[in-house]
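Trainee: Quick one: the structure is below, questions incoming.
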Amino acid sequence: MTIPPLIAKLPEVKSALVSTRQGGVVEVMREREGERVAAVVGFLSSTLGEAGDELGLGHLRRVAFNGPGRGGVIAVAGAELVAAFVEPPSSVASIEKLLAGAVGQKEA
Amino acid sequence: MPESRAYKTPDLAGLVGAKLGNYRLERVIGRGRMGVVYLAQDEALLRPTAVKVLSWRAAEANGHDPVQWFLAEARLIARLNHPRVVQIYGAARQAEHCYIAMEYVPGPSAEAAVAQGGPLSPERATDALAQAAAALHAAHRSGIVHRDVKPANLLMGAGGVVKLGDFGMALGSAGPWTGNAHLRVGTPYYTAPEVWSGEAATPASDIYSLGASYFQLLTGRPPYDGEDLAAIEQAHLRAPVPDPRQLVRDLPPACAALLERALAKSPRARHASAEVLLWDARRILQDLASMRGSASAVPLAPAPDGEPAPAERRPPPPAPAPLARALGLVRRPFADVDPEEPYRLDPLATVRRMLLGAVEDPSTMLVTLAGSGRSGRGALCRAVASDLGASRRVLSVSLDELPAGGLLEHLCRAAGAPDEHAEEARANALVERLSEERRAGAPPALVIADAVDPASGSFAAVARVVAAALWTGAYKVVLAGEPGLAAALAGAGVDFPGGRAVELEIPRFRPEETARYVRTWLEAALGRGAPPILLSADAALLLARRSEGEVERLNCIAENMLMLAAAERKRVLTTWHVWAASDGERWAETRPLSEMPRPPAHWPPEEVVLLIDACRRSAGLDPWPRGASPLD
């Protein structure tokens, strides 16, 4: 898996990366601390995945989160994870939708 | 008037550089009423020697002919041949000086040790008491009363050896001054009541003095510490024996009971002989050892997966303050001082199980455990000693902490075997002592020796210990050291038939085990509610490479990584932390966070990328991302 070109070109996407589910770096775009971010993304996906299982949501597919000035989306793509960090945070919803399509997730 | 009264009193302290016989006097190491003691070099035998130069004045003050008095003292000591008595090499008169050349004990006196480091632990103080009692017993058997037993005359040599010195006031029962026996000599703090009353000093007086010295070793002060001589005298004569537990609260009751008896006012109420005192001291030493064992024998539920049940539950060491404040760690996560914890995780738990199984196997008498000095070998030995200490006698020793040739002496002392002078006699005494326990129905004792080096001077003693175990079956042996111990033993002539010896090797961590180990101990060390500390996947790979799979190296690097993270106030450990942390010894105790290295503006440099790539390739991963990445 690589960073989807559609996502990489969007001006709202300030940085992005692909990591393994264990948090290993696969690809990094405009992110100086890719190794650190990949570790956190891997931890988030495994922790939230477990939480989703506990809540009966099924396997984790995407996580979106917002801070005051920036938001982020993590999408599961097979054995890997794609993460995009977005400004302004209000754009997270649209980026999430694009990312889901780019990694081949279809809504029921 | 005796002939000696005509002698002039020379300047005894001004003889540095002078030569008396073969001895070149180098410096003053002690002064007393009887003379001055120099450290000297024996220029014939090229060994350090203690040379005591007699003070005429002291001899004359006691009404003695100095030369006769001096020769009597020398002959008196020369009658004693005991490993716990300072040995005499010779005595002579040269011009106006009479001197005795003696064994030099290169350590402080017990008095100096207590003055410098405070009271000794009950084990160490009782061990010193036992050794001094053995020396006194030998003296009394030869008809010699020491008359000046005190902490300053207990010389503490290498490897915990204690020797009784300065028989300068000793009174031989067949000596020429029996008629002056009522003269009060000795040091007030340790002098027995009957001697204060003007009676003759006897072996029981020495026992009292040794008891008073033991009191000082345990508490840091003598039993009766009056403001003047009269007050001290009255206390010795009439005051009840002070309870040392009022000064050292957690002192074992057995130590206080021994003191109560040794310091009894009536000589008849004391230990009947120095040998009885020695037995009493040995019993306390065994009780102290078994108290440690019983504390470790708290029954615990079986651990999952057949892991050995932990025998000891010591409170975990707290996290160093910088790690506690910055990262919320409540205990030290990578403390190898605790023998228990790293050995509950594979691969170390597996080798620990194998080692325990081999020791429990009735047919196995010898286990060799191979591993480097950083493999966790020492901690594994401590863990196994802790596991087995409750069920059998375990004599555990690290050879790098003993002087060359000190192994058998140490084992004999630890086993309560009698002191012997020759190595062969010591081995026999050890076997006899441990065989007695076997005959009484105890399981075979276990001798664990770590840091065994076939090239060292102590290896002959190791081979002797192993050969005796294989020959007699009185005890089992675990030897831990670099690989090749079994071959070295065979080379030293130790013949072990098949099935009686087992060779084990401490395995190294595989990379995936490294990450699991770090994560497990980080989780265990975090306080309740503290956010997690993460280890990046590439950091785990690099850590496995830089620690070379050795647990002690891994512990050191991992704790240093935490220090770096604490300085940055970050909770993700990255390849930079591994890289920077592997360059030093443990930082947690020595360096403030403000002095920690900080990450560079661009990380990683190309040479590190190449190394990380190599780690990733060996783990079946693609190289570190390049191309569109701003890392380039």
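The values are calculated or read from the model by the stated rules, or taken from the named source; none is laboratory data. What you are looking at is a predicted structure, and each value in this text was computed from that prediction instead of being measured. Cβ: placed from backbone, ideal geometry, glycine included. Neighbour counts: every protein chain shown. Note: areas computed on protein heavy atoms with side chains; ligands, DNA, RNA excluded. Shrake-Rupley method; radii C 1.70, N 1.55, O 1.52, S 1.80 Å.
Trainee: Does B:VAL572 fit the bill of being more than 15 Å from B:LEU522 (Cα to Cα) and in contact with a Leu (Cβ under 6 Å, 6 or more places away or on another chain)?
Mentor: Values: more than 15 Å from B:LEU522 (Cα to Cα): no; in contact with a Leu (Cβ under 6 Å, 6 or more places away or on another chain): yes.
So B:VAL572 does not fit the description; no.
Trainee: Still on this structure, please answer the following. Just give me the residues in the range B:385-407 being open to solvent by 30 Å² or more (accessible area, probe 1.4 Å) and part of a strand (DSSP E or B), in sequence order.
Mentor: B:VAL394, B:SER396
Trainee: Output the number of residues of the range B:106-124 satisfying the condition of being over 17 Å from B:GLY165 (Cα atoms) and among the hydrophobic types (A, V, I, L, M, F, W, C). Write out each step before concluding.
Mentor: Of all residues in the range B:106-124, those over 17 Å from B:GLY165 (Cα atoms) come to B:114-124.
Within this subset, residues satisfying the condition of being among the hydrophobic types (A, V, I, L, M, F, W, C) are B:114-115, B:120.
Residues in the range B:106-124 being over 17 Å from B:GLY165 (Cα atoms) and among the hydrophobic types (A, V, I, L, M, F, W, C): 3 in total.
Trainee: Could you please find all residues in the range B:532-556 being in contact with a Leu (Cβ under 8 Å, 6 or more places away or on another chain) and away from chain A (no Cβ under 12 Å)?
Mentor: B:LEU543, B:ARG545, B:SER547, B:VAL551, B:LEU554 - these are the residues of the range B:532-556 that are in contact with a Leu (Cβ under 8 Å, 6 or more places away or on another chain) and away from chain A (no Cβ under 12 Å).
Rundown of residues vs (1) within 14 Å of another protein chain (Cβ to nearest Cβ); (2) of a type in the set (S, T, N, Q); (3) over 30 Å from B:PRO600 (Cβ atoms); (4) buried (at least 23 other Cβ atoms within 10 Å of the Cβ), yes/no style:
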position: A:VAL26; (1), (2), (3), (4): yes, no, no, no
position: A:ARG32; (1), (2), (3), (4): yes, no, no, no
position: A:GLU35; (1), (2), (3), (4): yes, no, no, yes
position: A:LEU44; (1), (2), (3), (4): yes, no, no, no
position: A:THR47; (1), (2), (3), (4): yes, yes, yes, no
position: A:LEU55; (1), (2), (3), (4): no, no, yes, no
position: A:ARG62; (1), (2), (3), (4): no, no, yes, no
position: A:ASN66; (1), (2), (3), (4): no, yes, yes, no
position: A:GLY72; (1), (2), (3), (4): no, no, no, yes
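Trainee: State all residues of the range B:541-556 that are under 21 Å from A:VAL40 (Cβ atoms) and open to solvent by 10 Å² or more (accessible area, probe 1.4 Å); if no residue qualifies, say none.
Mentor: Keep residues of the range B:541-556 that are under 21 Å from A:VAL40 (Cβ atoms), which gives B:541-543.
Answer for the range B:541-556, where residues must be under 21 Å from A:VAL40 (Cβ atoms) and open to solvent by 10 Å² or more (accessible area, probe 1.4 Å): just B:LEU541.
Trainee: Identify the single condition in (1) touching a helix residue (DSSP H, G or I) at 6+ places or on another chain (Cβ under 9 Å); (2) surrounded by fewer than 22 Cβ atoms within 10 Å (Cβ to Cβ); (3) closer than 17 Å to A:VAL25 by Cβ; (4) within 12 Å of chain A (Cβ to nearest Cβ) that B:HIS602 does not satisfy, given that it satisfies every other one.
Mentor: All conditions are met except number (1).
Trainee: Could I ask something else about it? Across the range B:373-420, what is the total count of residues that are in contact with a Pro (Cβ under 7 Å, 6 or more places away or on another chain) and either free of Cβ contacts under 8 Å to residues at least 40 places away in the same chain or under 30 Å from B:VAL276 (Cα atoms) (or both)? Steps first, answer last, please.
Mentor: Residues of the range B:373-420 in contact with a Pro (Cβ under 7 Å, 6 or more places away or on another chain): B:376, B:379, B:382-383, B:386-387, B:391-392, B:419.
Remaining after also requiring either free of Cβ contacts under 8 Å to residues at least 40 places away in the same chain or under 30 Å from B:VAL276 (Cα atoms) (or both): B:391-392, B:419.
Residues meeting the conditions: 3.
Trainee: Shifting gears a bit: Considering the range B:445-457 alone, what residues qualify as being in contact with a strand residue (DSSP E or B) (Cβ under 8 Å, 6 or more places away or on another chain) and either hydroxyl-bearing (Ser, Thr, Tyr) or surrounded by fewer than 20 Cβ atoms within 10 Å (Cβ to Cβ) (or both)?
Mentor: Residues of the range B:445-457 that are in contact with a strand residue (DSSP E or B) (Cβ under 8 Å, 6 or more places away or on another chain), as a first pass: B:445-454.
Those that are in contact with a strand residue (DSSP E or B) (Cβ under 8 Å, 6 or more places away or on another chain) and either hydroxyl-bearing (Ser, Thr, Tyr) or surrounded by fewer than 20 Cβ atoms within 10 Å (Cβ to Cβ) (or both): B:ASP453, B:PRO454.
Trainee: Shifting gears a bit: Conditions first: (1) within 24 Å of B:ASP361 (Cβ to Cβ); (2) more than 24 Å from the chain's Cα centre (by Cα). B:LEU434 passes all but one, so which condition is the exception?
Mentor: Exception for B:LEU434: condition (2).
Trainee: Report, by residue number, each residue of the range B:195-242 that is touching a Ser or Thr at 6+ places or on another chain (Cβ under 9 Å), assigned to a helix (DSSP H, G or I) and within 20 Å of B:LEU258 (Cβ to Cβ).
Mentor: Correct list: B:PRO203, B:ALA204, B:SER205, B:ILE207, B:TYR208, B:SER209, B:ALA212, B:TYR214, B:LEU217, B:LEU218, B:HIS236.
Trainee: Something else: Scan (1) surrounded by fewer than 18 Cβ atoms within 10 Å (Cβ to Cβ); (2) free of Cβ contacts under 8 Å to residues at least 60 places away in the same chain; (3) more than 14 Å from chain A (Cβ to nearest Cβ) for the single condition B:THR520 breaks and write down its number.
Mentor: (2)
Trainee: Could you check B:GLY529 against (1) away from every other protein chain (no Cβ under 12 Å); (2) open to solvent by 20 Å² or more (accessible area, probe 1.4 Å); (3) in a loop (DSSP other than H, G, I, E, B); (4) at negative phi and say which number it fails?
Mentor: So the condition that B:GLY529 fails would be (4).
Trainee: Would you call B:ALA463 assigned to a helix (DSSP H, G or I), modelled with pLDDT of 90 or more and closer than 30 Å to B:ASN555 by Cβ? Can you show your working first?
Mentor: Details: assigned to a helix (DSSP H, G or I): yes; modelled with pLDDT of 90 or more: yes; closer than 30 Å to B:ASN555 by Cβ: no.
Spelling it out, it is not the case that B:ALA463 is assigned to a helix (DSSP H, G or I), modelled with pLDDT of 90 or more and closer than 30 Å to B:ASN555 by Cβ.
Trainee: So, one more: Testing B:MET102 on (1) touching a residue at least 60 places away in the same chain (Cβ under 8 Å); (2) part of a loop (DSSP other than H, G, I, E, B); (3) closer than 28 Å to B:LEU71 by Cα, one condition comes back false. Which one is that?
Mentor: With respect to (1) touching a residue at least 60 places away in the same chain (Cβ under 8 Å); (2) part of a loop (DSSP other than H, G, I, E, B); (3) closer than 28 Å to B:LEU71 by Cα, B:MET102 is out only on (2).
Trainee: When you look at A:SER90, is it polar (S, T, N, Q), away from every other protein chain (no Cβ under 14 Å) and open to solvent by 70 Å² or more (accessible area, probe 1.4 Å), yes or no?
Mentor: Working: polar (S, T, N, Q): yes; away from every other protein chain (no Cβ under 14 Å): yes; open to solvent by 70 Å² or more (accessible area, probe 1.4 Å): yes.
Against the criterion (polar (S, T, N, Q), away from every other protein chain (no Cβ under 14 Å) and open to solvent by 70 Å² or more (accessible area, probe 1.4 Å)), A:SER90 qualifies.
Trainee: If a residue has to be closer than 16 Å to B:THR574 by Cα, at the interface with another protein chain (Cβ under 10 Å from one of its Cβ atoms) and modelled with pLDDT under 90 to count, how many in the range B:605-628 make the cut?
Mentor: Within the range B:605-628, residues that are closer than 16 Å to B:THR574 by Cα, at the interface with another protein chain (Cβ under 10 Å from one of its Cβ atoms) and modelled with pLDDT under 90 number 2.
Trainee: Being at pLDDT 70 or above, under 24 Å from B:ASN153 (Cα atoms) and not in a strand (DSSP E or B) narrows it down to one of B:VAL16, B:VAL53, B:VAL37, so name that one. So that I can check it myself, show each step before the final result.
Mentor: Values: B:VAL53 fails: not in a strand (DSSP E or B); B:VAL37 fails: not in a strand (DSSP E or B).
That would be B:VAL16, the only listed residue that is at pLDDT 70 or above, under 24 Å from B:ASN153 (Cα atoms) and not in a strand (DSSP E or B).
Trainee: Hey, another quick one. Say we look at the range B:557-587 and pick out the residues that are touching a residue at least 60 places away in the same chain (Cβ under 8 Å) and open to solvent by 10 Å² or more (accessible area, probe 1.4 Å); which of these is nearest to the other protein chains (Cβ to nearest Cβ)? Before you say what the answer is, go through the steps one by one.
Mentor: Keep residues of the range B:557-587 that are touching a residue at least 60 places away in the same chain (Cβ under 8 Å), which gives B:558-559, B:562-563, B:565-567, B:569, B:571.
When the remaining residues are screened for being open to solvent by 10 Å² or more (accessible area, probe 1.4 Å), the result is B:567, B:569, B:571.
Numbers: B:ALA567: 15, B:ARG569: 13, B:ARG571: 9 Å.
For the range B:557-587, the residue satisfying everything is B:ARG571.
Trainee: Just to be sure before I move on: is B:VAL477 within 14 Å of another protein chain (Cβ to nearest Cβ), buried (at least 21 other Cβ atoms within 10 Å of the Cβ) and within 33 Å of the chain's Cα centre (by Cα) in the structure I sent?
Mentor: Details: within 14 Å of another protein chain (Cβ to nearest Cβ): no; buried (at least 21 other Cβ atoms within 10 Å of the Cβ): yes; within 33 Å of the chain's Cα centre (by Cα): yes.
For B:VAL477, the condition - within 14 Å of another protein chain (Cβ to nearest Cβ), buried (at least 21 other Cβ atoms within 10 Å of the Cβ) and within 33 Å of the chain's Cα centre (by Cα) - is not met.
Trainee: Please specify each residue of the range B:418-440 satisfying the condition of being outside any helix (DSSP H, G or I) and modelled with pLDDT of 80 or more. It would help to see each step written out before you state the result.
Mentor: In the first step, residues of the range B:418-440 are kept if they are outside any helix (DSSP H, G or I); the result is B:418-422, B:440.
The one that is outside any helix (DSSP H, G or I) and modelled with pLDDT of 80 or more: B:ALA422.
Trainee: Filter the range B:515-563 down to the residues that are in contact with a strand residue (DSSP E or B) (Cβ under 7 Å, 6 or more places away or on another chain), among the hydrophobic types (A, V, I, L, M, F, W, C) and under 23 Å from B:VAL609 (Cβ atoms) and list them by number.
Mentor: B:ALA515, B:VAL518, B:LEU534, B:LEU535, B:ALA537, B:ALA539, B:MET561
Trainee: Also, I was wondering about something else. Restricting the search to the range A:5-24, which residues are surrounded by fewer than 21 Cβ atoms within 10 Å (Cβ to Cβ), facing chain B (nearest Cβ under 9 Å) and part of a strand (DSSP E or B)?
Mentor: Kept after step one, since they are surrounded by fewer than 21 Cβ atoms within 10 Å (Cβ to Cβ), are these residues of the range A:5-24: A:5-6, A:8-12, A:14, A:20-22.
If we keep only those that are facing chain B (nearest Cβ under 9 Å) too, we end up with A:8, A:20, A:22.
Listed by number, the list holds a single entry, A:THR20.
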